[in-house]
Amino acid sequence: METVFTKICAGEIPSTKIYEDDMCVVILDINPIHKGHSLVISRNPYPSMGKCPEDVLSHMICIAKKVEAKQREVLGCDGSNILINNDPASGQEVPHIHIHVIPRYQNDGLKFGFTHEKYTDGQMADFGAKLHL
Ligand code: AMP
């Protein structure tokens, strides 16, 4: 399957690449939450986490760790959000797995727009039992 990221990985459309190897490519996000916001993209277009082989996913996380460290060193950020939007229901726009590495600054005022649910009595234990691996 071809995606905007397969074209970027192949060099068919321009991007600002900051790293590449045989499993992944890291680029700057064109629409950054903060400047330096990076995307660790698998070379093969696995659409979501469930379809991505574990060795590739593990490697991508290790590369995200290096990107995060470099952001701290060069940008002076204080933290980061490391996230994967996983399938369209989560807001994933590009159906090709990628890890966002978003630099964050103390008191930068950003908040994710999630709301929270509350468990009723006993419900948390039920969910825990159902989700136990
Ligand atoms: P997601 O919602 O997790 O699929 O995020 C896709 C991300 O890809 C968004 O943050 C976009 O800004 C970014 N993006 C889309 N097209 C490009 C591009 N050509 N170059 C760099 N980043 C891109």
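The values are calculated or read from the model by the stated rules, or taken from the named source; none is laboratory data. A quick note: this is a predicted structure, and the numbers were derived from the prediction, not measured. Note that we place each Cβ from the backbone using ideal geometry, even for glycine, and neighbour counts take in every protein chain shown. For the accessible areas, the whole protein counts, side chains as well, though only heavy atoms, and no ligand, DNA or RNA atoms are used. Shrake-Rupley method; radii C 1.70, N 1.55, O 1.52, S 1.80 Å.
Structure data summary
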item: Residue in the stretch 99-131 that is surrounded by the most Cβ atoms within 10 Å (Cβ to Cβ), counting only those that are more than 21 Å from GLY76 (Cα to Cα) and within 16 Å of the ligand (Cβ to nearest atom); result: PHE112
item: Looking only at the stretch 13-23, and only at residues there that are more than 11 Å from the ligand (Cβ to nearest atom) and in a loop (DSSP other than H, G, I, E, B), the one that is surrounded by the most Cβ atoms within 10 Å (Cβ to Cβ); result: MET23
item: Hits in the stretch 82-98 (condition: within 10 Å of the ligand (Cβ to nearest atom) and small (Gly, Ala, Ser)); result: SER90, GLY91
item: Matching residues, the stretch 45-81, being surrounded by 16 or more Cβ atoms within 10 Å (Cβ to Cβ) and outside any helix (DSSP H, G or I); result: PRO45, TYR46, PRO47, SER48, CYS52, CYS77, SER80
item: Selection from the stretch 85-98 of residues that are open to solvent by less than 70 Å² (accessible area, probe 1.4 Å) and either under 22 Å from GLY36 (Cβ atoms) or aliphatic (A, V, I, L, M) (or both); result: ASN85, GLY91, GLN92, VAL94, HIS96, ILE97, HIS98
item: Total residues in the stretch 24-81, condition touching a residue at least 40 places away in the same chain (Cβ under 8 Å), within 13 Å of the ligand (Cβ to nearest atom) and hydrophobic (A, V, I, L, M, F, W, C); result: 6
item: Checking PHE5 against (1) without any contact (Cβ under 8 Å) to a residue 40 or more places away in the chain; (2) within 11 Å of the ligand (Cβ to nearest atom), the condition it does not meet; result: (1)
item: Boolean, HIS96 is under 17 Å from the mean Cα position of the chain (by Cα) and part of a loop (DSSP other than H, G, I, E, B); result: yes
